[in-house]
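Structure first, commentary second.
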Amino acid sequence: MGKARAPRRTLEAYTIKGTNKTIKAGDCVLMRPSDSSKLPYVAKVEIIESDSRGTVKVRVRWYYRPEESIGGRRQFHGAKELFLSDHYDLQSADTIEGKCSVHSFKTYTKLDAVGTDDFFCRFEYNSSTGAFNPDRVAVYCKCEMPYNPDDLMIQCEGCTDWFHPPCIELTTEEAKKLDHFFCQSCSSQDQKKLQNSHAASRPSETKVHQLVEAMNKFDILFSFQHLLAVTQKLTCMSSCKRENIS
């Protein structure tokens, strides 16, 4: 006969080993990978359990980094971007390294400063099919790419669209000095392409807010379904699996 499973009880909270930080269900945590050369995994704690021997385990829902997804990391993915996956696991609480914060996209763009343990999530991810929810997002600029909060963008005062400085042949330093900007479509031929300006998205909280709000209204959309179809032609479909962490 096999061993009887030790009875488990749900804990309200757990203090991370070697720290005074306490976690509870709903918190986001950093978890130690078995390969020390890798970045910590990020997960959302669903349940904390303890058995009669005092062994504590956590049921977690994994966040994936863009490079762990089937499509891989793309130009518009932020450095601190994560995808909330449908991949759940039961892991030892001893593998938790610390707490972190996974913000909504809108909240993240309003942070005064981004800390080491700050991340953001704007998509849910199906680890088996590679599908995203939502599967379409607004695009901007001549390059027609979704917004990356790490990249500086400037807004045209005519059409109100947003542009990456390199896409309009500007350096980041030049863009930060602008007071007014009209894109090529909105500029008359004898009007200066650029005037001394300051319409940069990063320094202005109002501009950032306008850009994030506009993402829900823009007509042109980036389709993840199309991206996935292209990717599937180039790579074999395989579910991204986490190795056992210890």
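Of the residues in segment 90-100, at least one is among the basic types (Lys, Arg) and closer than 24 Å to Leu11 by Cα.
In segment 78-107, of all residues being of a type in the set (Phe, Trp, Tyr) and either loosely packed, with under 15 Cβ neighbours inside 10 Å or at pLDDT 95 or above (or both), the one that is nearest to Arg65 (Cα to Cα) corresponds to Phe83. With respect to (1) in contact with a Cys (Cβ under 8 Å, 6 or more places away or on another chain); (2) over 27 Å from Glu157 (Cα atoms); (3) surrounded by fewer than 17 Cβ atoms within 10 Å (Cβ to Cβ), the lone exception for Cys143 is condition (2). Scanning segment 117-137 for residues that are within 18 Å of Tyr41 (Cβ to Cβ) and either among the hydrophobic types (A, V, I, L, M, F, W, C) or at pLDDT below 95 (or both) gives Phe119, Phe120, Cys121, Phe123, Ser127. Residues that are surrounded by 12 or more Cβ atoms within 10 Å (Cβ to Cβ), more than 22 Å from Asp51 (Cβ to Cβ) and within 23 Å of the chain's Cα centre (by Cα) within segment 10-37 comprise Cys28, Leu30, Pro33, listed in sequence order. Considering segment 83-103, the residues that are β-branched (Val, Ile, Thr) and assigned to a strand (DSSP E or B) include one that is nearest to the chain's Cα centre (by Cα), namely Val102. The residues of segment 52-104 that are within 18 Å of Met145 (Cβ to Cβ) and either touching a Gly at 6+ places or on another chain (Cβ under 9 Å) or among the polar types (S, T, N, Q) (or both), listed by number, are Pro66, Ser69, Gly71, Gln75. Residue-level check: of (1) closer than 21 Å to Tyr140 by Cα; (2) in a loop (DSSP other than H, G, I, E, B); (3) touching a helix residue (DSSP H, G or I) at 6+ places or on another chain (Cβ under 8 Å), Ile70 misses just (1).
Being more than 23 Å from Ser36 (Cβ to Cβ), surrounded by fewer than 17 Cβ atoms within 10 Å (Cβ to Cβ) and touching a strand residue (DSSP E or B) at 6+ places or on another chain (Cβ under 6 Å) holds for only one residue in Arg74, Arg61, and it is Arg61. Of the strands (runs of 3 or more DSSP E) lying entirely inside segment 104-186, those containing at least 3 residues that are charged (D, E, K, R) and touching a residue at least 12 places away in the same chain (Cβ under 8 Å) span 118-125.
The values are calculated or read from the model by the stated rules, or taken from the named source; none is laboratory data. Remember, it's a predicted structure, so these values are computed and weren't measured experimentally. All Cβ positions, glycine included, derive from the backbone under ideal geometry; neighbour counts span all protein chains shown.
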